[in-house]
Amino acid sequence: MASRWEHATLAYVVQHIDPAAVGGKAIRSVGLDPRLFDGKPESHGAAAHELRGVYELLAKSARDAGRLAEGEPLVRQWALAWDVYSPKLKRFIEVDEHQHFSRPRLGRLEANRTAPWAPVYSAYFWEETFPRLVDKPKHDQDPPHRDEQRAYRDELRDRLPALYGLGQTIRIDEFTLKADGQESLSQLIAQADNHTESGPVSGWGRSR
């Protein structure tokens, strides 16, 4: 079920940025490469080995912590869902609520922050929110390995667009939305577009 933040973000994008933007299950109908909806590493050609490495790393993390039994898969259902897609921007926009920021996910974000495919977050997120989340990460216990499972799916949503000719995934977190409102998304999109050819985007300054 879509969150209130996701609904509000889609409505804002449709009204102010791209009237053709779609969300949730409707994204499958806009003619994107079907592999964007497949989280299985072996579905992605030359990138399969690297994606499998990410999967195994997170599975090991869950096993070492006693949250995943030996021989049990980290992921059983490989279908990937997305929050918002803008044909105009040729980008996905993902809405990150608090539960996305587990210790495994925060570690992966920090490790991959300068990767060419790294997601675009606001400077407010990196400067104000990220340190607080690192001090007190979210932990989901249902199922016990949910943190690593969600971290894998989120990283696929960061990596796959670059493989299939789309721009970096824009991630708007609930803390930035609470601090600066939906208008912060327009600034984040503008910053992402300005940096498309110059490398990964670290964020933008707050407008107030």
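The values are calculated or read from the model by the stated rules, or taken from the named source; none is laboratory data. Worth saying up front: this structure is predicted, and the values here are computed from it rather than measured. Cβ placement follows ideal geometry from the backbone for every residue including glycine, while neighbour counts extend to all protein chains displayed. In case anyone asks, the SASA skips ligands and DNA or RNA and just uses the protein heavy atoms, side chains included. Shrake-Rupley method; radii C 1.70, N 1.55, O 1.52, S 1.80 Å.
Considering only segment 85-103, state which residues are among the charged types (D, E, K, R), part of a loop (DSSP other than H, G, I, E, B) and touching a Ser or Thr at 6+ places or on another chain (Cβ under 9 Å). Working first, answer last.
Step one: filter segment 85-103 for residues among the charged types (D, E, K, R), giving 88, 90-91, 94, 96-97, 103.
Still in the list and also part of a loop (DSSP other than H, G, I, E, B): 88, 90, 97.
Residue satisfying the conditions is Glu97 alone.
Scanning segment 81-130 for residues that are of a type in the set (Gly, Ala, Ser) and closer than 24 Å to Pro144 by Cα, we see that the one that is nearest to the chain's Cα centre (by Cα) is Ala81. Looking at segment 83-117, which of its residues are over 26 Å from Gln141 (Cβ atoms), of a type in the set (Phe, Trp, Tyr) and touching a strand residue (DSSP E or B) at 6+ places or on another chain (Cβ under 7 Å)? Listed by number, the residues that qualify are Tyr85, Phe92. Which one is least open to solvent (accessible area, probe 1.4 Å), of the residues in segment 25-42 that are free of Cβ contacts under 8 Å to residues at least 24 places away in the same chain and more than 23 Å from Asp147 (Cβ to Cβ)? Only one residue tops the list, namely Ala26.
Per-residue answers, yes or no, for (1) part of a helix (DSSP H, G or I); (2) over 20 Å from Gln99 (Cβ atoms); (3) free of Cβ contacts under 8 Å to residues at least 24 places away in the same chain; (4) among the hydroxyl-bearing types (Ser, Thr, Tyr):
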| site | (1), (2), (3), (4) |
| --- | --- |
| Gln141 | no, no, yes, no |
| Pro161 | yes, yes, no, no |
| Thr176 | yes, no, no, yes |
| Leu188 | yes, yes, no, no |
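Trp82 passes every criterion in (1) surrounded by fewer than 17 Cβ atoms within 10 Å (Cβ to Cβ); (2) assigned to a loop (DSSP other than H, G, I, E, B) apart from (1).
Scanning segment 101-130 for residues that are surrounded by fewer than 17 Cβ atoms within 10 Å (Cβ to Cβ) and of a type in the set (Val, Ile, Thr) returns a single hit, Thr114. Please verify whether Ala47 is over 21 Å from Arg105 (Cβ atoms), assigned to a helix (DSSP H, G or I) and in contact (Cβ under 8 Å) with a residue 40 or more places away in the chain, treating the condition exactly as stated. When the stated conditions are applied, Ala47 does not pass them. Total residues in segment 104-116 satisfying the condition of being in a loop (DSSP other than H, G, I, E, B) and in contact with a Leu (Cβ under 8 Å, 6 or more places away or on another chain): the figure is 0.
Checking Leu133, Leu68, Leu58 one by one, the residue that is out of contact with any strand residue (DSSP E or B) (no Cβ under 8 Å at 6 or more places or on another chain), buried (at least 19 other Cβ atoms within 10 Å of the Cβ) and outside any helix (DSSP H, G or I) is Leu68 and no other.
Note on segment 8-24: residues that are surrounded by fewer than 16 Cβ atoms within 10 Å (Cβ to Cβ) and free of Cβ contacts under 8 Å to residues at least 40 places away in the same chain total 3. So, in segment 151-208, of the ones that are open to solvent by 10 Å² or more (accessible area, probe 1.4 Å) and among the hydroxyl-bearing types (Ser, Thr, Tyr), which residue ends up modelled with the highest pLDDT? This residue is Tyr164.
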